[in-house]
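Q: Below is one structure. I have some questions about it.
The values are calculated or read from the model by the stated rules, or taken from the named source; none is laboratory data. Because the structure is predicted, anything quoted here is derived from the model rather than measured. Reconstructed Cβ throughout: ideal geometry from the backbone, glycine too, with neighbour counts over all protein chains shown.
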Amino acid sequence: MLSEVDSYRVVLCRVVCWVTLMVRGKILRMIAGSLLTAIALPVIESPVIAQGLHEVTLQPLPQAVTEIGGAAYIPPTRSASPRPVDGPLRAVVNGDDRTPVLSARYPWSTIGRVDWLAADGVTVLGACTGTLIGPRLVLTNAHCLLDPTTDEPTTHQITFRPNVVQGEADEIATVVAYDYGDSPFSGNTADDWALLTLDVPLGEQFGFLGWRHVDFADADTLTAMAGQLSVVGYSADFPTAALSGLGDPGETAGLSADCSILTELVTGEFAGSLIHTCDTNPGASGAPIFALFEDGEYYIVGLHTGSVSLLENVALPTGEQTDVLNRGIPVSRWAEQATTLRDAED
């Protein structure tokens, strides 16, 4: 969880990944060598400049590069919108790339907070991000379920609140069952997924996302999807102080749009993991990597799990330089079990 899961020991791995991407007519050639984990403890810093709300509208992707694994669902009483903010945006100078998610429309309604509660049933001990992928089914990370001191599922009560804005949500559900891949503390980091079963079918009210299988080992697929992906998460550094009217950090989700999967690692400590460019921080663990497709539906194509620090700067498709990238896992790691659990709900 937010106060515990991000305290991984730093583990060095040797991974050499050559990636060639065509992005908006430009060829990005990067080498991501000698990756090591650098998942920092939560640190909330006040920015020295104002933070802006960006006008974001998700654009559809062609369906040909993917295969549907799980269908999406939009409740008849809930409209859909490719914009994370309903109504006009206020103009602010400068800022990071994340946009606050203030809309209660689909698909934003499907994403919420997974909380560990203390014995009083009120105090939040830690938080992650989760996504409804069935009437009672929530997708998140295994490290949002497991207690790192025991490497076993936590004994604390776990709840899910969809579409939390300014710390408030219309509904709350309790996790009554779970399944997960492996412990990232002692096992395979590429199986850092968990499926939580709720006591009430919130997906019928808020909708749920489907998922698509994507071959991120294919260079043409990487090119086709470059700059088209999004992540929504309840990060511990967002909203920033400049957006304090939207609640304390972690109380309103942030959208990082127009980002890319750079590669799928095939060797090393994180073999099987995806490297992506979406903006996240602790608390966004379990966030969906998703996109809008030409059929008008939103599908998950990956699951955010953490971050990696590079030993030297690399160039991003945007032309920016960075020594930190984010890590996720593909749909194939958890889709079979998600299908089984969703079918059991019918």
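Q: For segment 278-346, list the strands (runs of 3 or more DSSP E) that sit wholly inside it and hold at least 2 residues that are modelled with pLDDT of 85 or more and touching an Asp or Glu at 6+ places or on another chain (Cβ under 9 Å); which are they?
A: Answer list for segment 278-346: 298-315, 321-330.
Q: Can you pull out the residues in segment 159-169 that are assigned to a strand (DSSP E or B) and either among the small types (G, A, S) or crowded, with 16+ Cβ neighbours inside 10 Å (or both)?
A: Residues satisfying the conditions are T159, F160, R161, P162, V165.
Q: Quick check on segment 251-262. Is at least one of its residues assigned to a loop (DSSP other than H, G, I, E, B), at pLDDT below 90 and over 21 Å from F160 (Cβ atoms)?
A: yes
Q: Go through segment 128-168 and give me each residue that's among the β-branched types (V, I, T) and within 20 Å of Y298 (Cα to Cα). Step through it out loud before you land on a result.
A: Step one: of segment 128-168, the residues among the β-branched types (V, I, T) are 129, 131, 133, 138, 140, 149-150, 154-155, 158-159, 164-165.
T129, T131, I133, V138, T140, V164, listed by residue number.
Q: Identify, from the list L117, L102, the residue that is closer than 29 Å to A257 by Cα and surrounded by fewer than 24 Cβ atoms within 10 Å (Cβ to Cβ). Full working, then the answer.
A: Working: L117 fails: closer than 29 Å to A257 by Cα.
The match here is L102.
Q: Can you tell me which of (1) crowded, with 19+ Cβ neighbours inside 10 Å; (2) farther than 25 Å from P162 by Cβ is the one A217 doesn't meet?
A: The failed condition is (1).
Q: Just give me the residues in segment 173-184 being aliphatic (A, V, I, L, M) and touching a Pro at 6+ places or on another chain (Cβ under 9 Å), in sequence order.
A: A173
A quick yes/no check of all residues on (1) among the basic types (K, R); (2) surrounded by fewer than 16 Cβ atoms within 10 Å (Cβ to Cβ); (3) at pLDDT 90 or above:
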position	(1), (2), (3)
E171	no, yes, yes
A177	no, yes, yes
A194	no, no, yes
W211	no, no, yes
V231	no, no, yes
G245	no, yes, no
D248	no, yes, no
T267	no, yes, no
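Q: A follow-up question, please. Which of the residues that make up segment 193-226 are of a type in the set (V, I, T) and not in a strand (DSSP E or B)?
A: Within segment 193-226, V200, T221, T223 qualify.
Q: Does S230 satisfy the criteria of being in a strand (DSSP E or B), in contact (Cβ under 8 Å) with a residue 24 or more places away in the chain and within 20 Å of the chain's Cα centre (by Cα)?
A: Working: in a strand (DSSP E or B): yes; in contact (Cβ under 8 Å) with a residue 24 or more places away in the chain: yes; within 20 Å of the chain's Cα centre (by Cα): yes.
Against the criterion (in a strand (DSSP E or B), in contact (Cβ under 8 Å) with a residue 24 or more places away in the chain and within 20 Å of the chain's Cα centre (by Cα)), S230 qualifies.
Q: Residue check, A190 against (1) among the aliphatic types (A, V, I, L, M); (2) under 16 Å from the mean Cα position of the chain (by Cα); (3) assigned to a strand (DSSP E or B), all met but one. Which one?
A: (3)
Q: Output the residues belonging to segment 120-133 that are in a loop (DSSP other than H, G, I, E, B) and more than 19 Å from T305 (Cα to Cα).
A: To start, the set of residues in segment 120-133 that are in a loop (DSSP other than H, G, I, E, B) comprises 120-123, 133.
Answer for segment 120-133, where residues must be in a loop (DSSP other than H, G, I, E, B) and more than 19 Å from T305 (Cα to Cα): D120, G121, V122, T123.
Q: Further, regarding this structure: Contact list please: Cβ distance under 8 Å, first residue in segment 108-137 and among the hydroxyl-bearing types (S, T, Y), second residue assigned to a helix (DSSP H, G or I), pairs at least six apart or on different chains.
A: As it stands, the answer is S109/F206; T110/G203; T110/F206; T131/T110, since those pairs meet every condition given.
Q: Name the pairs whose Cβ atoms lie under 6 Å apart, with the first residue in segment 213-225 and more than 10 Å from L262 (Cα to Cα), the second in a loop (DSSP other than H, G, I, E, B) and among the charged types (D, E, K, R), and 6 or more positions between them or separate chains?
A: T221/D215
Q: Identify all residues within segment 134-158 that are assigned to a loop (DSSP other than H, G, I, E, B) and within 13 Å of the chain's Cα centre (by Cα); write none if there are none.
A: Scanning segment 134-158 gives a single hit, N141.
Q: Something else: Sort out which residues of segment 144-176 are closer than 20 Å to G306 by Cα and charged (D, E, K, R), and write them in order of number.
A: Within segment 144-176, D147, D151, E152 qualify.
Q: Which one is nearest to the chain's Cα centre (by Cα) among residues in segment 159-186 that are among the charged types (D, E, K, R) and under 23 Å from A104 (Cα atoms)?
A: R161
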